[in-house]
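Computed from the coordinates by the stated procedures, all read-outs in this text should not be read as laboratory data. What you see is a predicted model; the values in this text were computed from it and never measured. A quick note on method: Cβ atoms are made from the backbone with ideal geometry, for glycine too, and the neighbour counts reach across all protein chains shown.
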Amino acid sequence: MTTDRTSPATGGYVQPELDVRGLTEVLDGEYAEVRDLVRANLVTYASVLDEAEELDIDAYRERVRELVVEMAATGQTGMGFPKRYGGGGDVGASIAAFETLAFGDLSVLVKVGVQFGLFGGAILHLGTERHHDAYLPGLITGELMGCFAMTETGHGSNVQALGTVARYDVDAQEFVITTEGDQARKDYIGNAARHGELAVVFAQLEVGGESRGVHAFVVPIRVDGEAAPGVHIEDDGRKMGLNGVDNGRLRFDGVRVDREALLNRFADVTPEGVYESTIDNPNRRFFTMLGTLVQGRVSVGGAGVGAAKVALAIATKYALRRRQFAAGPQGEEQLLLDYGLHQRRLLPLIARTYALHFAQDVVRTQLHGVFSDLEDDAQARRLLEARAAGTKALATWHATQAIQECREACGGAGYLAVNRFAALKADSDIFTTFEGDNHVLLQLVAKGLLTDYASEFEDLDQLGMVRYVTNLAVETVIEKTSAHKLLERVRDLLPGGDEWDREAGLLDSEYQLAMVRYREEHMLAGVARRLKSGIDRKRDPGAVFSEVQDHVIAVARAHMERLVLEAFVEKMRTLPEGGNKVALGLLCDLYALSTIEADRAWFMEHGRLTVQRSKAITREVNDLCRKIRPLAGGLVDAWGIPDAMLRAPDLVGEA
Ligand SMILES: Cc1cc2nc3c(=O)[nH]c(=O)nc-3n(C[C@H](O)[C@H](O)[C@H](O)COP(=O)(O)OP(=O)(O)OC[C@H]3O[C@@H](n4cnc5c(N)ncnc54)[C@H](O)[C@@H]3O)c2cc1C
């Protein structure tokens, strides 16, 4: 039960009683056990939060490595690997574990991500039995550390254009890996500067002088702690954050690896030098390979939600203790959270965090389905990839925004390193870039929408995709969203007819959903029409696409906000009646209305919001904040963040 004092009830409203433990159970869901294991490990190794500040960079890196290996011994980090190799055989559990680990030191989190998610994930999903037998047992324990060497100095987002080459030498039956020029140097690679023995290296495969596109190879980069022959290793040095992770650069100077070093799940080279693949189209092969690595994006999105929770828990607890300015002439100074402005700053962020938590539940469940072969069709995979990309973008941007707002909400105290914000800000900032830059990911989401996730999607390279979107799919989208059809859709979307949205209750979830659905469809039609008009004028498809990119990003964001709201509303429908359902209902309304409010200019421009109604939404958001304020402490407690992770004793009080 929440212990906060009750705010004056408005309009017959009765404040719900929050059952915090019950709410934690709802949030932890089917993965309560693994989340509790991670919570226990976080407490056991809580000293790493101090060590991150006290140790020099080398010692900190060693400490993080040590800790990752010790956590691996508890089974926490190997959940996603097959049981026969010592893993837990549960993909969903591995994501839930990662989400929870984000409550702690983020260097530990990212090292776990590099070792088990990226390196281990590539061996598991791109390799075959011989690679699994050789590497999985060692990497699951953390004894064998490895890298995922994809990004190069010259290419990060555009992975198809990588410059590293792997040429097949038929006489020696070996691949020769070569860094062709400075831009082809592998860069920012986790585990490269210090601990990695092996690297999964992504390179352009050449067989018999013919290029076959990007493939992955297992390459030893260190032998007995020294760089392997032909491998040049450089340290990336101190970074803005995550300094417990040893990121580095790799160059390959004609490094020879056995023919069997090719991770050959999707393509192979025979000893005689014949290239074979079950997937003929090179682009489809490439996207299929990359698609198997989607788990990394789902993990980082979940970690973004976790990091935002820590910041919001600290700032909310502080706002429930900190007083500034007396409300009346002689009165006691007022708690920060009793200020309307402070409520406005923190509570919509708490609502959005809950919304993203439930959206993350959906994407994790989809991932589990696809990767446990419960649901294995190409359409499900494409939908998963788009959803993972969009959720990651929204969740990591949310983390960046929430952490900054919370730091400011804690005033000068928020700036002291002991209070966690320094590390949270510095360490989580890059979440918006790695595992796919957010703007690039949202373009991927939009392309899926514009092509209706057509199977041709995977046959096309970047430019081909743009042409496809602009030339062919546009027709379908325009047809589907033509002025006439859109009007019909409005009638479907707004169950009470075109005028209904002027009168429907603002707190009616059907109304809220209709608004965000309408916005998405309208924007999609707008992008399609702009693309078509450019093509009709015989302009270059790439240039046309580039000109409408802001619109493309907006439609992807609108789509994702719709999915996030749907996830929240769906979750609400499954809950038993009671205080927790009422409290989550308030949060759901707050998320929906603050989302509409944030884009009210668009809704007004498009005739879906009158001036009066727009003002009414703002009033409702303020009212919801007042209602949620007495529940705020319980709502952040329900996330189950161990006290030791909140640190900040002067801000949150002693446990
Ligand atoms: C700490 C850290 C750890 C990392 N770990 C690894 C690792 O272990 N392994 C690995 O392989 N990589 C790793 N990376 C690399 C990371 O994945 C890349 O930095 C990321 O993919 C972005 O690539 P880039 O840096 O080349 O940026 P770019 O692709 O050059 O993007 C720069 C900017 O240009 C914009 N942009 C790019 N293309 C377009 C477009 N078509 N339209 C509009 N805008 C565009 C982007 O939005 C972005 O804002 C790591 C990076 C860091 C910093």
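Report, in deg cm²/dmol and to the nearest 500, the calculated mean residue ellipticity at 222 nm for the chain, where each DSSP H run with n ≥ 4 adds -39500 (n - 2.57) and the sum is divided by the residue count.
-17000 deg cm²/dmol
Scan around Q334 for amide H atoms under 5 Å from its own, H built in the peptide plane at 1.01 Å from N, and keep only partners 5 or more places away or cross-chain.
Under 5 Å from the amide H of Q334 lie the amide H atoms of Q324, F325, A326, A327, each far enough along the sequence or on another chain.
Would you work out which of P329, A311, V370 lies farthest towards the positive end of the dipole of segment 309-389? Charges go on Cβ: Lys and Arg +1, Asp and Glu -1.
P329
If you average the sequence gap of Cα pairs under 8 Å that are 6 or more apart and divide by the length of segment 262-341, what percent do you get for the contact order?
For segment 262-341, the relative contact order is 14 percent.
Please state the relative contact order of segment 148-280 as a whole percent: Cα pairs under 8 Å, 6+ residues apart?
Answer for segment 148-280 is 27 percent.
Leaving out same-chain residues fewer than 8 places away, which lysines sit with a Cα under 22 Å from that of K571?
K309, K392, K581, K627
Using the per-residue mean of other Cβ atoms lying within 10 Å as a proxy for protection, in what order, highest first, do the peptides 387-396, 321-330 fall?
Going from most to least packed, we get 387-396, 321-330.
In the structure shown, do any of K83/K186; K317/K425; K425/K447; K111/K186; K111/K447 have a Cα-Cα gap over 29 Å, and if so which?
The pairs that break the limit, which is 29 Å between Cα atoms, are K83/K186; K425/K447; K111/K447.
Once fully extended, how much extra length lies between Q379 and E226, figured as 0.36 nm per residue of separation less the alpha-carbon to alpha-carbon distance?
In short, 50.5 nm is gained.
State, as an integer percentage, the relative contact order of the chain based on alpha-carbon contacts under 8 Å between residues 6 or more apart.
It comes to 16 percent, rounded to a whole number.
Sorted by average packing, counted as other Cβ atoms within 10 angstrom per residue and highest first, what order do 19-29, 601-611, 533-543 take?
In decreasing order of mean packing, 19-29, 601-611, 533-543 become 19-29, 601-611, 533-543.
State, to one decimal in nm, how far the label point of E180 lies from the label point of I279, with both points 7 Å from Cα in the Cβ direction.
Going by the 7 Å Cα→Cβ label model, 2.2 nm.
So if we plug the beta-carbon distance of E30 and S157 into 1/(1 + (r/R0)^6) with R0 = 51 Å, what FRET efficiency do we get, rounded to 0.05?
Taking R0 as 51 Å, the efficiency between E30 and S157 is 0.90.
In nanometres, what is the gap between the two model label sites at K83 and Y339, each 7 Å from Cα along Cα-to-Cβ?
Spacing of the two 7 Å Cα→Cβ label points: 5.6 nm.
Would you mind putting 96-103, 195-202 in packing order, based on average other-beta-carbon counts within 10 Å, highest first?
Those peptides, ordered most packed to least, come out 96-103, 195-202.
Given a Förster radius of 35 Å and the C-beta distance between E62 and W397 as r, what FRET efficiency does 1/(1 + (r/R0)^6) yield to the nearest 0.05?
So, using R0 = 35 Å, E works out to roughly 0.60.
On a straight-distance basis, which aspartates and glutamates could pair with K239 in a cross-link, Cα separation under 15 angstrom, same-chain partners fewer than 8 positions away excluded?
Those aspartates and glutamates meeting the cut-off are E53, D56, D58, D187, D427, D429.
So if we plug the beta-carbon distance of T270 and D133 into 1/(1 + (r/R0)^6) with R0 = 30 Å, what FRET efficiency do we get, rounded to 0.05?
0.90
What is the spin-label model distance, in nm, from T141 to D171 if the labels are put 7 Å beyond Cα along the C-beta direction?
Rounded to a tenth, the inter-label distance reads 4.1 nm.
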